[in-house]
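Novice: Sharing a structure here in structure tokens format.
The values are calculated or read from the model by the stated rules, or taken from the named source; none is laboratory data. What you see is a predicted model, and the numbers here were worked out from it, not measured in a lab. Cβ atoms come from the backbone with ideal geometry, glycine included; neighbour counts cover every protein chain shown. With ligands, DNA and RNA removed, areas are computed over all heavy atoms of the protein, side chains included. Shrake-Rupley method; radii C 1.70, N 1.55, O 1.52, S 1.80 Å.
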Amino acid sequence: MLKRFNLKAWLLLLPALSLLIAFTHWPTLKSFWRSVTWARSDAAPAKFVGLENYEILLDDPVFWRVIENNFWYALGTVPTSIALAIAMALWVNSKIRFTGLLRLAFFTPTILPMITVANIWLFFYSPNIGLFNQLLALIGITGPNWLGDPDIALSSLMIMTVWKEAGFFMIFYLAALQTLSPELFDAAKVEGASAWRMFRKITFPLLMPTTLFVLINALLNAFKLVDHLFILTKGGPNNASNLLLYYIYETAFSFLDSYYAATLTVVMLVTLAIVALVQMLFIDRRIHYR
Amino acid sequence: MDSIWFQRVSKFSAYVLAILWVLPLLYAFWAAFHPPEFATKFALFAPLTMENFVSAWDQAPFFRYMLNTVIITTIILFSQLVVCTLAGYALAREEFLGRGFAFALVLTQLMVMPEVLIVENYQTLTGLNLVDTHLGVGLPYLASAFGIFLLRQTFKTVPQELEDAARVEGLSGLGIIWKVFVPLAFPTYLAFSLVSVSYHWNNFLWPLVVTNTEASRPLTVGMAIFGAPESGVDWSVISAGTLIAIGPLLILFLVFQRKFIQSFMHAGIK
Amino acid sequence: MRANRMLKVEGLTRRYGDITVVDDLCFHVNEGEFVALLGPSGCGKSTSLKMIAGLEIPDAGSIELEGKDITQMTPGQRKLAMVFQSYALFPHLKVIDNILFGLQARKVAKDEQQRRLDSVVELVGLSEHLQKKPGQLSGGQCQRVALARAIVAEAKLCLMDEPLSNLDAKLRNEMRSEIRSLQQRLGMSVIYVTHDQVEAMSMADRIVLMNDGKIEQVDVPEGLYNKPKTVFTAQFIGSPPMNIMHLANERLGVRPEHIAIADEGRPARVISCDYHGADTVVLAEIGEAEDRAEIIKIRYPGHALFAAQQAISVNWRPEHEHHFPVSQ
Amino acid sequence: MNKFTKYLATAGMASILGVSTLASADTDLTMYYPVAVGGSLTKIVDGMVENFESQNPGINVNAIYAGNYNDARVKALAALQSGKPAQLSVMFSIDVHALRNLDAIVAFDDLVSTDAERKWLGSFYPALMENGKADGKTWGVPFQRSTIVMYYNKDMFRAAGLDPEKPPTTWEEFAEMGKKLVKKDGSGNVEQWGAMIPSTGYPYWMFGALTKQNSEVLMNQAGTETYFDNPGVIAALEYWHDLGNKHAIMPSGVIEWGTLRQNFLDGKTAIMWHSTGNLTTVKNKASFDFGVAKLPGNTELGSPTGGGNFYIFKKSSAEEKAASLKLVKFMTSPEQAAHWSKATGYMGVGPRAYETDTLKAYVKEFPPAAVARDQLTHATAELSTHEAGRVRKFLDDAIQAALTGQMSAKDAMTDAQKQAKSALRRYQ
């Protein structure tokens, strides 16, 4: 069919595209522009400063710390939540008892606002009086200072993130599992495959498209999920648990430096572009057996 | 025999994990219904009280916050449904020059979520004079790439015969969308609505940035201010506040959990 | 010489809640024998097969393989082969890996794997497709892969669950004789589940006919056709089904192909004719009084031209009569 | 953005929300305020505002609680920038430089006109005025003000064989007594700590106390220079670090500001340093006999002042400014200050507040209520510079780095000083 200009189609797209351009594309471009300008305060006019903001960025130890943290945060939360999500989906999809309750339990964190449950996690993590350390004390272990020790503060945040996300990702795996024919698993059983072999050779490869989808989502969340920082650590101690988006927020709304914040935003945008690129490379492979 | 053992261990871990997963909620119930001195101590026969709910309710305008959240989620949801339906239809059923480009423009938002652009979007909102309004909280989310994508996938599966039949019956462009595509995509709408509502009910960072006062502040931001650790944490009252805040969604979820999860799964398959 | 018992099923029972899906099933399979589990859908034949495979746990009864009780074993321990209705090919694995899946799982030596693969590939003719994924194959080819996977296991007993039901009619006929000849050449013992009586009649050495979870009759195909013990058997085997006439103290059964339209005999009145090519199925009303009339089907060789309401006479030979008690 | 679209957007918004602005002869004031300590302060503020409104029928006040100090500043400034009303706000006493850089506030000296008003402006404790002054003018008027005080558990003092009426007054005593107050169980796990000084939330503030006690200041009055790497400052940080390590009277690592009160109330620590703003909550919730004392000193006693001042925004009409001044005067009047102090634990901002019947009776019945005031003679200004958010964060990070053992006190402070210097370069 000959492609042509189609007024009706563009009119249908108009509301969506104008909103997307106004709140996604335009601000993206503006971020790039703002990152090469500077002004003493928001009241003063901004002037072009070239790459000065980027030079400051490269010299900023907090920036590097935040990048490093975000890397570990992604590395720590993404595979763990995926592995747990798969395990949860397999459990819920299996014949053990109370699968309804299991599913409910795993899914519950998904509908709880991160910001409100963070206060409860604050209690879990509190040294001396916190639940975790009370429990550890029962077996004679002095629990760590979960949020106050720079070596484990980030890990503590990761645990909460995994708690929040695994059940959400479980749903995708559950949906995928239910599209798989049970006969495949019967066949593997008859052929004498062990549970582990069955998982490794059949279940996991067949879930691969789902895993890729979840992987991308989990990666994006690793950059965008900072709600709990506001309550738990505020990025501390000494930036040990600071993440890029939180640092952007701090810079823009605490230090009132929207220019440097824009520079940080550009770094975030570039990172996301890389994630997108990776996804596109993978997207061809995800249809490998269809 | 190893497989029996494996099964036992697996089953045990499943239950342990499930308990861990609801622990925060269980704790919230414990702390909310017991006097503050039991917030960090667990005694089986600690006295029950509603006092925490009273003081939580006293300390923050929960009703106002909840109303704001409801207004914001409603504005967002309805705009999303309309905007995404139109765009999804165009991308699924219309043949035109630049469709690929338009679709690519839409998909960008899947990567560049509004959360990333808080700095610029805040400036835009300032310019529009919409800071601290319900509309302002919703604006960056009114067009959802996820929704457009989901509806496009669904609309693509509608047989051409149905659309042709409707045309023969004399329906016009928007009429076809409204009378044919929308009803057929009902499960997708339901799934998307649930995902959207639970997302925006729980959204925090952008509302924090863009709301200043009780006039527009949603529950999450209200709760963050109410429970801010700076003011000294009082877990009993915070737990009570948390339960008040999540109560409506939690009850809805518990009642409709099967439907809820199915809808999420539906959204997940696409 | 008395054949060796390969499999013996005794009192096998399976319930789902209040419903008994398989009720006290007893039968056996001899070595090298092709046994069909036949019955309408929902009669419990697939459940029975799954219990033999170990994929379902029976509520009662026992399963013996070569004299050994395997009732409590896991599917893998039973070392059976199985062909599934949907073929159950692993979509992400190449054909060769699908075929060798079980051998790899059981850690059969590499050269032994290769030897068996070579011979099975030749048997079913898949040599040029080994490196493809199932998605790239036609239905018939998938069927062959599934078959190859079952054969390569060299299992004592092969279970087949309606393996041909997803093929079109022509291919089905081809595969039917192919499977049968493979089975005979390799001397395989097979339990074959089907709801298609033609398939069972043409392939099986013996047929276990099931209805409503119970065995109706176990017999060789001719036995089921010639000496049905129950009205159900009589009507399930043969096409069109046997005519059953309700007499005062018994049921009288005569197959349509055994009824002749002749100059004399019982009076009947034609209702309609259905031309099939080789023959015509004539629908007629037989009986004196209106209220006692029975509708019967007659298979008339060639092309019959009877007008509706035409009066005819029908007869059959006494040895073609089947008598069933009324209680059925 | 042109006027027309602005108009459209506003009109659209108003119609969506069903809001309409009614013209009225009354003066409407919008004020933002933060809360950094416990209790239901919002109710108390609302009550005071209502009281004011009933006395001043022509003025309507919309008091908006906006979270912590940082949030309150962000929200108030955001409101100003986006053209929303905000005539005055309670903000961090140390935000003065940032607010002046933004040209957002007016000096009170330019607003007061009568002698009575000038007298009122001079009626505050001078120590509380330090942070509000710049370039010889007063930009912020003290309201929600505090110092750091030492809360201690008298029961634990008794149990440890210490005199509950003689809390530590020097660093040595603090460490020595702290050691006696640490209680361990059979396997060596600490059940009760000697003391806790919070190091999240406002670490620089706590540190301000330690440096003052070591006779150092952290910055100059103009807020253009910091002295983070002075030997006395480094020594103060070393002492803090030692409390958690060498003396082991405190958990090592950082201690959470928000949960500390609960630790104290739960008997996990015998002493805590915290804002006086917690006094009333501790008083209401403590199930044991507790005392409040001035912080111990090294070369001298000391604590920074802290908390929030009233600021009046430039972008408001003359009537609004006058009404704002009226409100500020009301809120800081001796009666209201006394009421506020009793309800929260924040200090009465001027001597006359302590002469009211309310506070007289309260102090008599509950002497700790006067400790913060008594400590004012040893008080110093809170860290306040240009680029306040950044500089504060440099110091906070350095303190946390030292306390958690990531860096030595010297390296951490040298780094912080370097960073602060480069951030302040443009203001010198």
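Novice: Say we look at segment A:134-148 and pick out the residues that are open to solvent by less than 50 Å² (accessible area, probe 1.4 Å) and within 8 Å of chain D (Cβ to nearest Cβ); which of these is farthest from A:Asn242 (Cα to Cα)?
Specialist: That would be A:Gly140.
Novice: Moving on. Regarding segment D:225-245, can at least one residue be identified that is more than 24 Å from D:Ala412 (Cβ to Cβ) and among the hydrophobic types (A, V, I, L, M, F, W, C)?
Specialist: Kept after step one, since they are more than 24 Å from D:Ala412 (Cβ to Cβ), are these residues of segment D:225-245: none.
Within segment D:225-245, not a single residue is more than 24 Å from D:Ala412 (Cβ to Cβ) and among the hydrophobic types (A, V, I, L, M, F, W, C).
Novice: Continuing with this model, one more query. Considering C:Asp263, C:Asp274, which residue is among the acidic types (Asp, Glu), over 21 Å from C:Val231 (Cβ atoms), surrounded by fewer than 17 Cβ atoms within 10 Å (Cβ to Cβ) and without any contact (Cβ under 8 Å) to a residue 40 or more places away in the chain?
Specialist: Going through C:Asp263, C:Asp274 in turn, the sole match is C:Asp274.
Novice: Counting only residues that are within 13 Å of chain B (Cβ to nearest Cβ) and open to solvent by less than 10 Å² (accessible area, probe 1.4 Å), how many does segment D:262-278 have?
Specialist: Here the count works out to 8.
Novice: Mind checking which residues of segment A:159-194 are assigned to a helix (DSSP H, G or I) and within 10 Å of chain C (Cβ to nearest Cβ)?
Specialist: Correct list: A:Pro182, A:Glu183, A:Leu184, A:Phe185, A:Asp186, A:Ala187, A:Ala188, A:Lys189, A:Val190.
Novice: Checking C:Gln184 against (1) buried (at least 18 other Cβ atoms within 10 Å of the Cβ); (2) out of contact with any Leu (no Cβ under 8 Å at 6 or more places or on another chain), which test does it fail?
Specialist: Going through the list (1) buried (at least 18 other Cβ atoms within 10 Å of the Cβ); (2) out of contact with any Leu (no Cβ under 8 Å at 6 or more places or on another chain), C:Gln184 breaks only (1).
Novice: Sticking with this one: When you scan segment B:203-257, how many residues do you find that are under 18 Å from the mean Cα position of the chain (by Cα), modelled with pLDDT under 85 and not in a helix (DSSP H, G or I)?
Specialist: Adding up the residues that qualify gives 1.
Novice: Let me ask something else about it. Kindly evaluate D:Leu403 against the criterion of being in contact with a helix residue (DSSP H, G or I) (Cβ under 7 Å, 6 or more places away or on another chain), closer than 20 Å to D:Glu130 by Cβ and open to solvent by less than 20 Å² (accessible area, probe 1.4 Å).
Specialist: no
Novice: Select from segment C:187-208 the residues that are out of contact with any Phe, Trp or Tyr (no Cβ under 6 Å at 6 or more places or on another chain), β-branched (Val, Ile, Thr) and open to solvent by less than 10 Å² (accessible area, probe 1.4 Å) and write down the one among them that is nearest to C:Asp219 (Cα to Cα).
Specialist: C:Ile207
Novice: Going through segment D:327-381 one residue at a time, which ones are under 18 Å from D:Ser93 (Cβ atoms) and among the β-branched types (Val, Ile, Thr)?
Specialist: D:Val328, D:Thr332, D:Thr344, D:Val349, D:Thr380 - these are the residues of segment D:327-381 that are under 18 Å from D:Ser93 (Cβ atoms) and among the β-branched types (Val, Ile, Thr).
Novice: Return the pairs, sorted by first residue and then second, in which the second residue is open to solvent by 10 Å² or more (accessible area, probe 1.4 Å) and not in a loop (DSSP other than H, G, I, E, B), the first residue lies in segment B:28-46 and is more than 10 Å from chain A (Cβ to nearest Cβ), the beta carbons are less than 6 Å apart, and the residues are 6+ apart or on different chains.
Specialist: Pairs that qualify, where the first residue is more than 10 Å from chain A (Cβ to nearest Cβ) and the partner is open to solvent by 10 Å² or more (accessible area, probe 1.4 Å) and not in a loop (DSSP other than H, G, I, E, B), are B:Ala32/B:Leu243; B:Ala46/B:Phe38.
Novice: What is the number of the single condition among (1) under 27 Å from D:Arg100 (Cα atoms); (2) surrounded by fewer than 21 Cβ atoms within 10 Å (Cβ to Cβ); (3) under 18 Å from the mean Cα position of the chain (by Cα) that D:Asp374 does not meet?
Specialist: The one condition D:Asp374 does not meet is (1).
Novice: Among the residues of segment D:99-129, count how many are more than 14 Å from chain A (Cβ to nearest Cβ) and farther than 24 Å from D:Thr380 by Cβ.
Specialist: 12
Novice: Could you tell me whether B:Gln109 is away from chain A (no Cβ under 11 Å), of a type outside the set (A, V, I, L, M) and in a helix (DSSP H, G or I)?
Specialist: Criteria not met by B:Gln109.
Novice: Give me a count of the residues in segment B:94-106 that are in a helix (DSSP H, G or I), facing chain A (nearest Cβ under 9 Å) and open to solvent by 10 Å² or more (accessible area, probe 1.4 Å).
Specialist: Count: 2.
Novice: Additional query: For segment A:236-261: of the residues being among the aromatic types (Phe, Trp, Tyr) and in contact (Cβ under 8 Å) with a residue 12 or more places away in the chain, which is nearest to the other protein chains (Cβ to nearest Cβ)? Even if it seems obvious, please write down each step before you answer.
Specialist: Narrowing segment A:236-261 to residues among the aromatic types (Phe, Trp, Tyr): A:246-247, A:249, A:253, A:255, A:259-260.
After this cut, where a residue has to be in contact (Cβ under 8 Å) with a residue 12 or more places away in the chain as well, the list is A:246-247, A:249, A:259-260.
Values: A:Tyr246: 9, A:Tyr247: 10, A:Tyr249: 7, A:Tyr259: 9, A:Tyr260: 10 Å.
If we take residues in segment A:236-261 being among the aromatic types (Phe, Trp, Tyr) and in contact (Cβ under 8 Å) with a residue 12 or more places away in the chain, then A:Tyr249 is nearest to the other protein chains (Cβ to nearest Cβ).
Novice: Where residues in segment D:71-98 are facing chain B (nearest Cβ under 9 Å) and modelled with pLDDT of 80 or more, which of them is nearest to the chain's Cα centre (by Cα)?
Specialist: It comes out as D:Asp71.
Novice: More than 7 Å from chain A (Cβ to nearest Cβ), part of a helix (DSSP H, G or I) and in contact (Cβ under 8 Å) with a residue 60 or more places away in the chain: which single residue out of B:Val137, B:Val54, B:Val70, B:Val83 fits that description?
Specialist: B:Val137
Novice: Out of all the residues in segment A:221-235, which are in contact with a Leu (Cβ under 6 Å, 6 or more places away or on another chain) and within 8 Å of chain D (Cβ to nearest Cβ)?
Specialist: The one that is in contact with a Leu (Cβ under 6 Å, 6 or more places away or on another chain) and within 8 Å of chain D (Cβ to nearest Cβ): A:Thr233.
Residues are listed down the side, and each one gets a yes or a no for (1) closer than 26 Å to C:Leu7 by Cα; (2) in contact with a helix residue (DSSP H, G or I) (Cβ under 9 Å, 6 or more places away or on another chain):
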{"residue": "C:Ser177", "(1), (2)": "yes, yes"}
{"residue": "C:Val193", "(1), (2)": "yes, yes"}
{"residue": "C:Asp196", "(1), (2)": "yes, yes"}
{"residue": "C:Ser202", "(1), (2)": "yes, yes"}
{"residue": "C:Val220", "(1), (2)": "yes, no"}
{"residue": "C:Val231", "(1), (2)": "no, no"}
{"residue": "C:Gln235", "(1), (2)": "no, no"}
{"residue": "C:Met245", "(1), (2)": "no, no"}
{"residue": "C:Leu252", "(1), (2)": "no, no"}
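Okay, residues lined up against (1) in contact with a Pro (Cβ under 8 Å, 6 or more places away or on another chain); (2) assigned to a helix (DSSP H, G or I); (3) outside the structural domain of B:Ile238 (by TED's automatic domain parsing); (4) modelled with pLDDT under 90:
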residue: B:Phe6; (1), (2), (3), (4): no, yes, yes, yes
residue: B:Phe12; (1), (2), (3), (4): no, yes, yes, no
residue: B:Tyr15; (1), (2), (3), (4): no, yes, yes, no
residue: B:Ile19; (1), (2), (3), (4): no, yes, yes, no
residue: B:Leu23; (1), (2), (3), (4): no, yes, yes, no
residue: B:Ala31; (1), (2), (3), (4): no, yes, yes, yes
residue: B:Glu37; (1), (2), (3), (4): no, yes, yes, yes
residue: B:Phe42; (1), (2), (3), (4): no, no, yes, yes
residue: B:Phe45; (1), (2), (3), (4): no, no, yes, yes
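Novice: Further question: Any chance segment B:167-181 includes a residue that's among the aliphatic types (A, V, I, L, M), part of a helix (DSSP H, G or I), more than 8 Å from chain A (Cβ to nearest Cβ) and crowded, with 23+ Cβ neighbours inside 10 Å?
Specialist: No, segment B:167-181 contains no residue that is among the aliphatic types (A, V, I, L, M), part of a helix (DSSP H, G or I), more than 8 Å from chain A (Cβ to nearest Cβ) and crowded, with 23+ Cβ neighbours inside 10 Å.
Novice: B:Val119: crowded, with 23+ Cβ neighbours inside 10 Å and within 7 Å of chain A (Cβ to nearest Cβ), yes or no?
Specialist: yes
Novice: Of the residues D:Thr377, D:Thr356, D:Thr414, D:Thr332, which single one is within 14 Å of chain A (Cβ to nearest Cβ) and among the β-branched types (Val, Ile, Thr)?
Specialist: Only one candidate passes the filter, namely D:Thr414.
Novice: For residues that are open to solvent by 50 Å² or more (accessible area, probe 1.4 Å) and among the β-branched types (Val, Ile, Thr), tally how many sit in segment D:213-256.
Specialist: Residues that pass the stated criteria total 1.
Novice: Do we find that C:Met51 is at the interface with another protein chain (Cβ under 8 Å from one of its Cβ atoms), in contact (Cβ under 8 Å) with a residue 24 or more places away in the chain and out of contact with any Phe, Trp or Tyr (no Cβ under 6 Å at 6 or more places or on another chain) in this structure? Give the derivation first.
Specialist: Working: at the interface with another protein chain (Cβ under 8 Å from one of its Cβ atoms): no; in contact (Cβ under 8 Å) with a residue 24 or more places away in the chain: yes; out of contact with any Phe, Trp or Tyr (no Cβ under 6 Å at 6 or more places or on another chain): yes.
When the stated conditions are applied, C:Met51 does not pass them.
Novice: Does C:Glu222 qualify as being assigned to a helix (DSSP H, G or I), loosely packed, with under 15 Cβ neighbours inside 10 Å and modelled with pLDDT of 90 or more?
Specialist: In short, yes.
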